[in-house]
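> Questions regarding the structure given below will be posed in turn.
The values are calculated or read from the model by the stated rules, or taken from the named source; none is laboratory data. Quick caveat, the model's predicted, so the values are computed rather than measured. Note that we place each Cβ from the backbone using ideal geometry, even for glycine, and neighbour counts take in every protein chain shown.
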Amino acid sequence: MIAPSILSADFARLADEMAAVRGKSGRGADWLHVDVMDAHFVPNLTLGLPVVKSMLAVTDLPVDCHLMIEKPDHWAIGYAEAGSYNVTVHVEAADDPVMLAKNLRAAGAKAGLAIKPGTPLDPYLEVLKHYDTLLVMSVEPGFGGQTFIADVLDKVRTARTLVDTGHLNLMVEIDGGINADTIEQAAEAGVDCFVAGSAVYAATDPAQAVEGLRRQVEALSERST
């Protein structure tokens, strides 16, 4: 799955930018990834719930909200109630991540848990049993266009093994520095969903860029079988 990040889109043309990744062949974006930043949890400010509600009104693509905010236990539920398909919170910010996952699901969304590059995975394996998505950050959260941190792939491999052996039941997502040069190593490690920002929105044809990234992963899978 490919989830273009609108952090790299033209915010003055959001409706057009969201439509641009759909594709004409049905092979466009699977999700739209929306980075919500509050200038407290991360040193950047992007957009909030009112803008997300406006986005939801003009697209039928599943919206994947990544909340890089303080107090997600309080604020995240609103994004689920608004109609977001998947709402991801940071384990470093959540007070009670297990209860938060239950509340997100009760509000109608899938529940995602994100971890920063420097955050170990092992302490949260029991918590992850309550989640639908694990988002492994492959850059420090806060800004787009950063360089991919390959060391985080060890966490992806661990999660992939636990999913394949039935110890976890979730999707493994990666966010940060994903492009034509890095997507194959992320796929080899076991990623299911790839968030790509500038690799998509800096392209002349964003939908074609999405298809190109997907073809790389599919070709890798074919070579491996």
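> Identify, by number, the condition in (1) out of contact with any Lys or Arg (no Cβ under 7 Å at 6 or more places or on another chain); (2) assigned to a helix (DSSP H, G or I); (3) touching a residue at least 60 places away in the same chain (Cβ under 8 Å) that residue 143 doesn't meet.
Single failed check for residue 143: (2).
> For residue 143, state whether it is among the aromatic types (Phe, Trp, Tyr) and surrounded by 24 or more Cβ atoms within 10 Å (Cβ to Cβ). So that I can check it myself, show each step before the final result.
Working: among the aromatic types (Phe, Trp, Tyr): yes; surrounded by 24 or more Cβ atoms within 10 Å (Cβ to Cβ): no.
Judged against the criteria, residue 143 is not a match.
> Restricted to region 34-58, and to residues that are polar (S, T, N, Q) and either at pLDDT below 95 or surrounded by 17 or more Cβ atoms within 10 Å (Cβ to Cβ) (or both), which residue is farthest from residue 111 (Cα to Cα)? Can you show your working first?
Step one: of region 34-58, the residues polar (S, T, N, Q) are 44, 46, 54.
The next check asks that each one be either at pLDDT below 95 or surrounded by 17 or more Cβ atoms within 10 Å (Cβ to Cβ) (or both); those that pass are 44, 46.
Working: 44: 24, 46: 21 Å.
Across region 34-58, the extreme among qualifying residues is 44.
> Name every residue in region 1-33 that is part of a helix (DSSP H, G or I), loosely packed, with under 15 Cβ neighbours inside 10 Å and not hydrophobic (A, V, I, L, M, F, W, C), in order of residue number.
To start, the set of residues in region 1-33 that are part of a helix (DSSP H, G or I) comprises 6-8, 11-20.
Filter once more, so that each one left must be loosely packed, with under 15 Cβ neighbours inside 10 Å: 11-13, 15-16.
Listed by number, the residues that qualify are 13, 16.
> Please enumerate the residues belonging to region 91-111 that are part of a helix (DSSP H, G or I) and more than 20 Å from residue 37 (Cβ to Cβ). Talk me through it step by step, then tell me what you get.
As a first pass, look at region 91-111 and keep what is part of a helix (DSSP H, G or I): 97-106.
Passing the criteria: 98, 99, 101, 102, 103, 105, 106.
> Could you check how many residues of region 53-90 are of a type in the set (Lys, Arg) and in a strand (DSSP E or B)? Talk me through it step by step, then tell me what you get.
Initial filter on region 53-90 (of a type in the set (Lys, Arg)): 53, 71.
Now narrow it down to the ones that are in a strand (DSSP E or B): none.
Looking only at that region, the number is 0.
> Please determine, by comparing only the residues of region 155-190 that are under 24 Å from residue 142 (Cα atoms), of a type outside the set (A, V, I, L, M) and assigned to a loop (DSSP other than H, G, I, E, B), which one is nearest to the chain's Cα centre (by Cα).
Once the filter is applied, the top-ranked residue is 176.
> Taking region 210-225, which residues are aliphatic (A, V, I, L, M) and in contact (Cβ under 8 Å) with a residue 60 or more places away in the chain? Before the answer, list the steps.
Step one: of region 210-225, the residues aliphatic (A, V, I, L, M) are 210, 213, 217, 219-220.
Passing the criteria: 210, 213.
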